[in-house]
Amino acid sequence: MILLITSLPGPLVPKGPSVPGLDKLVHFSMYAVLGVLCARALQGREWSWVLLVVGLIVLFAAGDEWHQRWIPGRGADVSDWAADVAGGIIGLSLYRARRRQELAR
């Protein structure tokens, strides 16, 4: 879904209100969902698996930003990549923390 959305040419991307940082929130949110889904898939796995998936999220986000360089009206942005990575890691971490809390009850 992320690749589909980020492959839309610039003119086809819906324009929201002109709020500073809103695009970073969108990046963060998409990757937070990815992080949650990855955490669900990793339930019961060791930390080495979690670190591997974090690395894959970092690489996927970089590849996604790089691929946007070739989409008309889009571009690669390091701050978008940072928002992607932060969203992925925080989504994964919050899901794992919540799951641990549920299991401790």
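Read-outs throughout are calculated quantities, based only on the coordinates presented, and are distinct from any laboratory measurement. Bear in mind that the values here come from a model prediction, so they are computed numbers and not experimental data. Here the Cβ is made from the backbone with ideal geometry for all residues, glycine too, and neighbour counts use every protein chain on show.
Here are a few things to note about the model shown:
- Taking 27, 67 and counting other C-beta atoms within 10 Å, the order from fewest to most: 67, 27
- Gain on full extension, evaluated as 0.36 nm per residue between residue 3 and residue 93 minus their Cα-Cα distance, stands at 30.1 nm.
- Nearest-ten-degree value, helix 78-104 long axis tilted from longest Cα axis of the chain: 20 degrees
- Nearest 10 degrees, 0 to 90: helix 47-68 Cα axis against the chain principal axis: 0 degrees
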